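The values are calculated or read from the model by the stated rules, or taken from the named source; none is laboratory data. Note that the structure is predicted; figures quoted are calculated from it, not measured. Using ideal geometry, Cβ is built from the backbone for each residue, glycine included, and neighbour counts are taken over all protein chains shown.
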Amino acid sequence: MLIGELAERAGTSPRTLRYYEEHGLVRAQRSANGYREYEESELRVVREIRALLDVGFGLDDVRPFVACLRAGNTSGDVCPDSVLVLRRKIVEVDAVIDRLGAVRQQLHSQLTQAIAHREKTCLRKRK
């Protein structure tokens with residue numbers, strides 16, 4: 001299939017496909033007229049890339065998943081290298097969640113203090 005068809009079927013743009021190709025994630029053959037031609041299997045690869053990028057993975061994180069698909073697996077997350085990336089990403093997400101929890105607690109404390117200060121200030125003005 002040509003780049004436009006792959007882009008449409010994968011829900012992306014030809015420019016994005018060229019970007020993935022430049023980074024070695026997507027493979028294309030060149031026809032005699034220089035057009036990029038993609039195997040049907042590249043659709044699955046592009047969908048996997050997009051799904052991973054959508055949840056915060058970087059291009060380097062995606063590589064093991066693509067390699068796993070290219071090895072003939074039906075899913076990109078069944079290979080040991082992919083599992084390592086998933087575990088690392090979970091640790092990263094947990095760290096962000098912990099950090100956000102601390103920020104939330106700090107904001108809650110600040111809000112509580114601000115309300116208490118406002119109430120004291122308002123009581124003084126009423127007297």
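Summary table below
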{"read-out": "Some residue of the range 46-55 being of a type in the set (Gly, Ala, Ser), part of a helix (DSSP H, G or I) and closer than 28 Å to ARG9 by Cα", "value": "yes"}
{"read-out": "Every residue from the range 14-60 that is of a type in the set (Phe, Trp, Tyr) and more than 19 Å from the chain's Cα centre (by Cα)", "value": "TYR35, TYR38"}
{"read-out": "Matching residues in the range 55-76 - criterion: being under 18 Å from GLU42 (Cβ atoms) and of a type in the set (D, E, K, R)", "value": "ARG63, ARG70"}
{"read-out": "Any chance ALA114 is aliphatic (A, V, I, L, M), modelled with pLDDT under 95 and farther than 16 Å from LEU52 by Cβ", "value": "yes"}
{"read-out": "Any hit, the range 23-41, residues being modelled with pLDDT of 95 or more and assigned to a helix (DSSP H, G or I)", "value": "no"}
{"read-out": "Test: residue in the range 72-81 that is outside any helix (DSSP H, G or I), within 20 Å of the chain's Cα centre (by Cα) and charged (D, E, K, R)", "value": "yes"}
